[in-house]
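Enquirer: Shown below is the structure under consideration.
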Amino acid sequence: MEKINSKVAVSNIIKESLEVLERCGADEFFATLHKDLLKKKIRFPLLEFATRQIIAQTPSSKQIQLADRIIEMQEIGSQVLAGIILQTRLDLDFEGSIAKACAYIQYGNEWYVCDIIGERVLGYALLTNPERTIPVLQRLSSHEDKWIVRTVGVATHYAVKKGLDKSFVETVFQILLNCTNTTDFHTKKGIGWGAKTVARFHPDIVAKYTAQIMAPTTRQWFRTKINIGLNRNKSHDTTHLSKKHTP
């Protein structure tokens, strides 16, 4: 598989694709984008760079249509492009961008679709606009679709890792604690990922909830993720949650 590893190469591909759009129309543009960009081996940051170049040449009224067509290609890179398109639209249409992200996640029906889009849309929204995003995550945490619930943990992981203000971390951790009864493998992975990251960066917040974490209603998989996070916190003298204390 051919590899693309420079912004110059990406810029040339996008320039050529846009020229195809001008000469031949949308169908040829998407075919060129698919063949020359999405079918190549390329790192995610370069895909994000490509997306921003495309967006700069796309009227806001056409951006959702653009994202829809890209998602239909069902490549891993499609999720990156669509996620960045929605990310850039959060200020323009917050609710619409979140709803579209959830629709793409359900359409993709794979863990990597959930994680790629979840980080770039819901995670970014939580990091940059926590007051507005936390109620959304609270609502999505009880969604009937496993991928949407998983996204709550994915968003938490991204935002906490990127420096979410501590005043909001505890509230998000409370949401995760209320998701611990899930038995779905993929949901547990996402929720556990978020919990592990909170434990890694904010062990003091986790310590406040020791009684609830050790309660019979909290599953062992959640406690395991917490302990992994505490173990990865190198700057804090942590006391791990012990299985022997599990009722």
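The values are calculated or read from the model by the stated rules, or taken from the named source; none is laboratory data. Predicted, not measured: the structure shown is a model, and the values here were computed from it. Note that each Cβ is placed from the backbone with ideal geometry, even for glycine, and that neighbours are counted across all protein chains shown. Side chains included, ligands, DNA and RNA excluded: accessible areas come from the protein's heavy atoms. Shrake-Rupley method; radii C 1.70, N 1.55, O 1.52, S 1.80 Å.
Enquirer: Of all residues in region 69-88, count the ones that are among the hydrophobic types (A, V, I, L, M, F, W, C), open to solvent by less than 20 Å² (accessible area, probe 1.4 Å) and under 16 Å from A31 (Cβ atoms).
Expert: Taking region 69-88 first, the residues among the hydrophobic types (A, V, I, L, M, F, W, C) are 70-71, 73, 76, 80-82, 84-86.
Next, only the ones that are open to solvent by less than 20 Å² (accessible area, probe 1.4 Å) stay: 70-71, 80-82, 84-86.
Next cut, under 16 Å from A31 (Cβ atoms) only: 70-71, 81.
Residues in region 69-88 being among the hydrophobic types (A, V, I, L, M, F, W, C), open to solvent by less than 20 Å² (accessible area, probe 1.4 Å) and under 16 Å from A31 (Cβ atoms): 3 in total.
Enquirer: Kindly list, by first and then second residue, each pair from a residue in region 129-142 that is assigned to a helix (DSSP H, G or I) to a residue that is of a type outside the set (F, W, Y) and open to solvent by 10 Å² or more (accessible area, probe 1.4 Å), limited to pairs with Cβ atoms under 6 Å and residues at least 6 apart or on different chains.
Expert: I134/T171
Enquirer: Same structure again: Would you pick out the residues in region 35-68 that are of a type outside the set (A, V, I, L, M), surrounded by 18 or more Cβ atoms within 10 Å (Cβ to Cβ) and farther than 16 Å from S6 by Cα?
Expert: The one that is of a type outside the set (A, V, I, L, M), surrounded by 18 or more Cβ atoms within 10 Å (Cβ to Cβ) and farther than 16 Å from S6 by Cα: Q63.
Enquirer: Which of the residues spanning region 109-143 are among the hydroxyl-bearing types (S, T, Y) and either open to solvent by 20 Å² or more (accessible area, probe 1.4 Å) or more than 14 Å from the chain's Cα centre (by Cα) (or both)? I'd like the intermediate steps shown before the answer.
Expert: Quick first cut of region 109-143, residues among the hydroxyl-bearing types (S, T, Y) only: 112, 124, 128, 133, 141-142.
The answer is Y112, Y124, T128, S141, S142.
Enquirer: So, of the residues in region 210-226 that are open to solvent by 30 Å² or more (accessible area, probe 1.4 Å) and over 22 Å from the mean Cα position of the chain (by Cα), which turns out to be nearest to K162 (Cα to Cα)? Show your work before the answer.
Expert: Pass one, region 210-226, residues open to solvent by 30 Å² or more (accessible area, probe 1.4 Å): 210-212, 216-217, 219-221, 224-225.
Narrowing further to those that are over 22 Å from the mean Cα position of the chain (by Cα): 210-212, 216-217, 219-220, 224.
Working: T210: 25, A211: 28, Q212: 26, P216: 32, T217: 31, R219: 27, Q220: 27, T224: 23 Å.
Here the answer is T224.
Enquirer: I've got another one for you. Find the residue count for region 160-173, including only residues that are in a helix (DSSP H, G or I) and either among the basic types (K, R) or without any contact (Cβ under 8 Å) to a residue 24 or more places away in the chain (or both). Before the answer, list the steps.
Expert: Of region 160-173, the ones in a helix (DSSP H, G or I) are 160-161, 166-173.
Adding the requirement that they be either among the basic types (K, R) or without any contact (Cβ under 8 Å) to a residue 24 or more places away in the chain (or both) leaves 161, 166-167.
The qualifying residues number 3.
Enquirer: Which ones in region 1-23 are more than 11 Å from I42 (Cα to Cα) and open to solvent by 40 Å² or more (accessible area, probe 1.4 Å)?
Expert: Hits for region 1-23 are V8, N12, K15, E16, L18, E19, L21, E22, R23.
Enquirer: Moving to a separate point now. Tell me which of these A26 doesn't satisfy, since it passes every other one: (1) small (G, A, S); (2) at pLDDT 95 or above; (3) over 18 Å from V121 (Cβ atoms).
Expert: (2)
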